[in-house]
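This report refers to the structure that appears directly beneath it.
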Amino acid sequence: MITMKKKIELEVDSNDAAKGKGSTSRESTPSRILPLKTSPTKTPVNTPLSNRFSVLAKVPTLPSPSQFPPLSPGSSSSSYAQILQVQPSRAPATISNTSTKLEVKETQPSRYYTKICSQQICLIPNHPSEELDAQSIAGQQFPIGFYWCPSDPRKNYSFYKKILIETNSVSIHDTLTPGTTHISYSKLSIRQIHDIDKWNNSYLYQRRFSGPASYPAFNYQDYIHAWFYILLVRPYTHSWFIQFKKEDPTIAWQMPVWFLDWWRLFGSTSVIFPTLIQTFYQTYKEEHPAEWPPLRCLSFHQDHCIPWILTWDYEIKQESVDYPMELHRIVRVKWWDAFDPKKVHKPTTLATSSPTTEQTEYAKLQAKVAALEKELTQLKRRAAAFDDSQDLYEDSVDLEFFP
């Protein structure tokens, strides 16, 4: 074994010598260099490691061992319950990223509601259905710059707008598209509604403008038309913000009969109310049971200054197959989402009304009934003075009294 080992070592030495001698003649042939084996460096225990990562969250400090009760081999599960009670509760993680919205609104934006009532403009001759276009048909009915048939070319949109401003009936604020004269949307604040007494109880009485105007004077019929024409700025692409806002809250609203027709076409509706406003309106209806429903909704908007959004457009309708098609002006309304429901004061219910108030109202009703009975007796006495032939119609006439 020793002899064999020495023989191998001699052969290795001879090979290394031969390589050394021939290195000068074979310089172009690269020799393979074996990597040196280095012993791994040992890091001292006391040398701290550098952390290349940022801290994701603050690690809560653990409770000291003295806070935990000692456990015995035969301890019951109540000991574990004590441990869980001693450990501090972890606060929920918060996200500091501003791009992430944590609060999600459950309510969706309000949508337009098409009112049932519409305004008939004209009848449409027989045309193929593919050739019918509401905008083009309306353009054939009205002059340029008008959305109605004017009685006088001088009575344009500016004329009717000036009427409502002159009489201090409304205040109008138009918002223009930046850099243009194009009206994007408008705001209409209704301050008061005048009756015919401001025109000496005559529809033909003329009132003059305080300043220059396209037409020098206006009558009460022009005043009524102004309420209907003032909203016709542009179909579909223009919208109105409308709100009742009188200057003196102590003065009651005047309500001419014709304004109910305006409200029926351009007014709001309880269908667009959100849930909370619906609750308030239900209580309001219980306190005003005898009021006409459209007038009740109008009074609800007036008392609480509730706004609504309005836009209008053209639409082709047909009542039946045997009847020609019609061009109508339709109105769409929707709820203003920025309105604060807290501004609507919840009215007191009938159950919370005081007995004194109920007795007073009852006394007033009794007085009205007594006055009506007295008036009815007088009418019967006057009817008895007529010919006997009138007695045939006396019992068939239904007399209705509106207190």
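The range 151-285: Rg/Rh from Cα coordinates, Kirkwood Rh?
1.00
Over the C-alpha trace of the range 129-223, radius of gyration and Dmax come out as 16.6, 53 angstrom. Modelled spin-label separation between residue 257 and residue 322, with each label point placed 7 Å from Cα along the Cα-to-Cβ direction: 3.3 nm.
From the P(r) of the range 229-341, can you give the percent of Cα pairs sitting at distances over 26 Å?
28
Along its first, second and third principal axes, ordered by size, the range 192-234 spans 34, 23, 18 Å in Cα coordinates. Element breakdown for the range 104-190 at a 1.4 angstrom probe: carbon and sulfur atoms account for 52% of the accessible area. Built from the Cα atoms of the range 116-180, the convex hull projects on average onto 8.0 nm², one quarter of its surface area. Eigen-decomposition of the gyration tensor built on the alpha-carbon atoms of the range 272-324 gives equivalent ellipsoid semi-axes of 32, 16, 11 angstrom, largest listed first.
The values are calculated or read from the model by the stated rules, or taken from the named source; none is laboratory data. Just so it is clear, the model here is predicted, and its values are computed rather than measured. Every residue, glycine among them, receives a Cβ derived from its backbone with ideal geometry; neighbour counts consider all protein chains shown. Please note that ligands, DNA and RNA were not included when accessible areas were found on the heavy atoms of the full protein model with its side chains. Shrake-Rupley method; radii C 1.70, N 1.55, O 1.52, S 1.80 Å.
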